[in-house]
Amino acid sequence: MTEPRIGVGSLISIARQGGWDASHWVRRGEQVKPVEAANIANDHSGQQVVDWAAPSPVARDPLPVLPWEPRFLPAVLADMVVSYADSIPMNREFVASNVLATCGSLLSSKVQLALKQQGPWEETPNCWALNIAPVSSHKTPGLKPAREALNRVEERYRHQHQLEIAAYQSKKIIYDAQVKSAKAAAAKGHSLGSLPVEPVAPEQRRAVTNNVTYQALSTLAEHGPIVLLDDEASGLFAEMTDPKNQPAKAFYLAAHAGSGSFQTDRVGRGAVFIPRLCVSIIGNIQPEPLLRILLGAAREGRQADGFVQRFGFMTMPDPLLHTELVDLPFDFSKWTAGQDAIVKLVDYDPSQHGAVASMLGTGLPYFKLSDAANAIWRAEYARQLAEAQNTELLEAYRQHVMKQPKLIATVALVIHALEGHEGDISGPVMERAVAASRFYLSHAKRIYYMSAHDIYAEPARVIANRMARGDITGEFTAREAQRKGWTGCVDPDATTSIMALLEDADWIRPVVQAASQLGGRPSKRWQVNPLAQGAKC
């Protein structure tokens, strides 16, 4: 469990109880300077305290992130993403991440990327996407390009299934006639030859699903990669944190690899064998639920359990602000071209474009890296290893860094396939994939550090806003804040951390009252800054 924060003011109050004379000192920002005794006032207990400073906005700004660039996508997809996102308007990152994850899922049953020129290291292009933003940020419209393309793929699968059903029914008629004839011959005492093999009814392949249990998802995944499209992923994340749902979590963690087999044994249905388990997740979530989950995991020592780290295409961009209706021309030709390109991946045959057979016999061909691409990749991998081994960085973030090879492989293969490249992955393609990886890492760092340091900032801002309106004045105790249900004050540790943020920003200061002559411990109250009303939060 993390230690609760203690503000500077609390330390000063504790020092006063020990006899420290504060009459010649005042805190100015991060500096402490001597002042005249005339600047000292007395509180209601008669203790000398420093004058109030004007309150400042609570907490710091989030870490900066790199800008999104169209070169992170194949040109045909970049044109669609820019045209569609700008017409909403919305952050381009949302659409781009969803589209990349969709293309990676469609390629996952077809091809891999070899990240070593000598030994075996083949990555499947299955990378999850998560868009993090407050309500009314147009996250839901950001799912539309991916959803529309997957629906078209499903329509193709349905049409193919109808053809397979027709063929099956023809074979079944012939089989039934052969069995009937064999039975008649046996009834007359004739010897039976070899009996025909009964045809098996084909199962319809699926490309996308929405609300589903992991048991049902495993059934869908028997027939090929599938995308779980979740517009409100907070429920999925909450499920993964519940110890009762560890079998489901193990399933999802295994499904991310996209290349391994998976077998389950169930009462009623028996054994279910999936030769190549591959599930991709594309989801939206608001910041507060995700940050609380990450903070809770850190408190319980589960900073890097691997689930969140598998969302390589994870973005939390700065808000896209506009003050009037945006009504830009929408280029439908770019939309159509982008959608067609995604759907055509169903027919993509990597062996026709220079892919070679897998050295491990996995059944999937793979593309190799050119010498130029290999040099770029080796340099980037060395940089990632150094960052992952830097113990000054958060453990959760360092584990996220180690998942980047799959993201780089996904971006490189999507660009390589949709731009019609032949043979080995080129240096320019690998350079674009590495640039995309660094872009997504900048977002991951923002998210993990917000969960570690700024989870209490929003509740503190809400409380400061109430103080600025004059709703909270005078003095109060931490217990009162928790009992009255103030925002974020759900337990003593959270309340202490929120009060420390408010104290550091000069919205409140502690008043420590000495124990009475009858004994007991000193009591601590919080005093609201009289300058708080009308201050900026």
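Below is a table of values for the structure above.
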read-out: Net charge contributed by nearby residues that have their C-beta within less than 10 Å of Glu69 (K/R +1, D/E -1); value: +3
read-out: Centre separation in Å (Cα based) which lies between the range 421-438 and the range 111-159; value: 18 Å
read-out: Principal axis dimensions, the range 375-526 - Cα atoms, whole angstrom, descending; value: 84, 33, 23
read-out: FRET E, pair Arg483, Ala216, Förster distance 41 Å, beta-carbon r, rounded to 0.05; value: 0.40
read-out: Difference of contour (0.36 nm per residue) and Cα-Cα distance, Glu475 to Thr336; value: 43.8 nm
read-out: The range 221-262: C-alpha gyration tensor shape, a/c 1.5 cut-off, then a/b vs b/c; value: oblate
read-out: Added length on full extension, which subtracts the Cα-Cα distance from 0.36 nm per residue, Ser523 to Glu155; value: 125.6 nm
read-out: Hydrodynamic radius by Kirkwood, which averages 1/r over all alpha carbon pairs of the range 143-256, in angstrom; value: 17.9 Å
read-out: Sorted by Cβ neighbour density within 10 Å, fewest at the top, the residues Arg398, Arg438; value: Arg438, Arg398
read-out: Residue order, fewest to most surrounding Cβ atoms within 10 angstrom, among Glu93, Glu387; value: Glu387, Glu93
read-out: Residue-by-residue Karplus 3J(HN,Hα) for the range 214-226, coefficients 6.51, -1.76, 1.60, Hz, glycine and proline x; value: 5, 5, 5, 5, 5, 5, 5, 6, 4, 9, x, x, 9
read-out: Gain on full stretching of the segment that runs from Gln117 to Gln533 - 0.36 nm per residue minus C-alpha separation; value: 143.2 nm
read-out: Thr323-Asp61 pseudo-label distance in nm [points 7 Å out on the Cα-to-Cβ vector]; value: 1.9 nm
read-out: Amide proton proximity set for Val490, modelled H, under 5 Å, gap of 5+; value: Thr495
read-out: Hull-based mean projected area of the range 54-141, where the convex hull spans the alpha carbons, in square nanometres; value: 9.5 nm²
read-out: Karplus (6.51, -1.76, 1.60) ³J(HN,Hα), θ = phi - 60°, over the range 207-212, in Hz, Gly and Pro reported as x; value: 10, 8, 8, 10, 9, 7
read-out: Low-density loop cleavage sites - chymotrypsin sites (Phe, Trp or Tyr not before Pro) in the range 455-489, where at most 10 other Cβ are within 10 Å (DSSP); value: none
read-out: Reciprocal mean inverse distance between Cα atoms of the range 436-517 - Kirkwood radius, Å; value: 14.5 Å
read-out: Unsatisfied cross-links (Cα-Cα over 21 Å) in the set Lys334/Lys403; Lys403/Lys445; Lys249/Lys403; Lys249/Lys368; value: Lys334/Lys403; Lys249/Lys368
read-out: Rounded if a/c under 1.5, otherwise prolate or oblate - the range 175-234, Cα gyration tensor axes; value: prolate
read-out: Order of Cys537, Cys489 - criterion: other Cβ atoms within 10 Å of each residue's Cβ, fewest first; value: Cys537, Cys489
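Values in this text are rule-based calculations from the coordinates and carry no lab data. Computed from a prediction, not measured in an experiment: that's the story for all the values here. All Cβ positions, even for glycine, are placed from backbone atoms using ideal geometry, and neighbour counts span all protein chains on display.
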